[in-house]
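Taking it in order: structure first as structure tokens, then the write-up.
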Amino acid sequence: MSRCHPEHKTPHVATVVTGIFGALVAGLFPLDALADLISIGILLAFAVVCAGVLILRYTRPEHPRPFRVPFAPVTCTLGTILCLGTSFFLSDGTWIRLAIWTVLGFAIYGFYGYWHSRLHTAGRTSASEVADPIK
């Protein structure tokens, strides 16, 4: 997935796989359900970003910032409230699909992270070296 095209320097494999996956999802599910899922996903992402900017202002004030948010406490608070408030107007079915999608995403992330973590890989390497010290 991380291979880049030798001439264009783009992640062509990831682009094709993502495009095929997106086409399959678009072909299998109703458009209104997908539109609601996209809406709730974007609204929650914006809410998290707004809250994150505000939290970082107070927890890491020394951290360099390439740009400033005008009236950060007000802007971030209103952004979070408006995004969350707007998402509450979406249907119950959208929230259920979001919960299922989130659990599925965390499961994939957890299993992938467990098997590909540096700590897990280091544990396997050191255990194999102990089992066969001649290597």
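The values are calculated or read from the model by the stated rules, or taken from the named source; none is laboratory data. What you see is a predicted model, and the numbers here were worked out from it, not measured in a lab. Cβ sites come from the backbone with ideal geometry, for glycine too, and all protein chains shown count toward neighbours. For the accessible areas, the whole protein counts, side chains as well, though only heavy atoms, and no ligand, DNA or RNA atoms are used. Shrake-Rupley method; radii C 1.70, N 1.55, O 1.52, S 1.80 Å.
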| task | Please determine, by comparing only the residues of the range 84-119 that are aromatic (Phe, Trp, Tyr) and either open to solvent by less than 60 Å² (accessible area, probe 1.4 Å) or part of a helix (DSSP H, G or I) (or both), which one is nearest to residue 29 (Cα to Cα). | result | 101
| request: Output the number of residues of the range 1-33 satisfying the condition of being in a helix (DSSP H, G or I) and not charged (D, E, K, R). | output: 19
| note | Expected single match for within 27 Å of residue 35 (Cβ to Cβ), among the polar types (S, T, N, Q) and at pLDDT 95 or above among 80, 94, 102 is 80
| query | Looking at residue 57, is it modelled with pLDDT under 90 and either on the phi > 0 side of the Ramachandran plot or part of a helix (DSSP H, G or I) (or both)? | reply | yes
| residue 74 passes all but one of (1) assigned to a helix (DSSP H, G or I); (2) open to solvent by less than 60 Å² (accessible area, probe 1.4 Å); (3) at pLDDT 90 or above; which number fails? | (2)
| Residues satisfying the stated conditions in the range 16-47, i.e. within 17 Å of the chain's Cα centre (by Cα) and surrounded by 12 or more Cβ atoms within 10 Å (Cβ to Cβ) | 18, 37, 39, 40, 41, 42, 43, 44, 46, 47
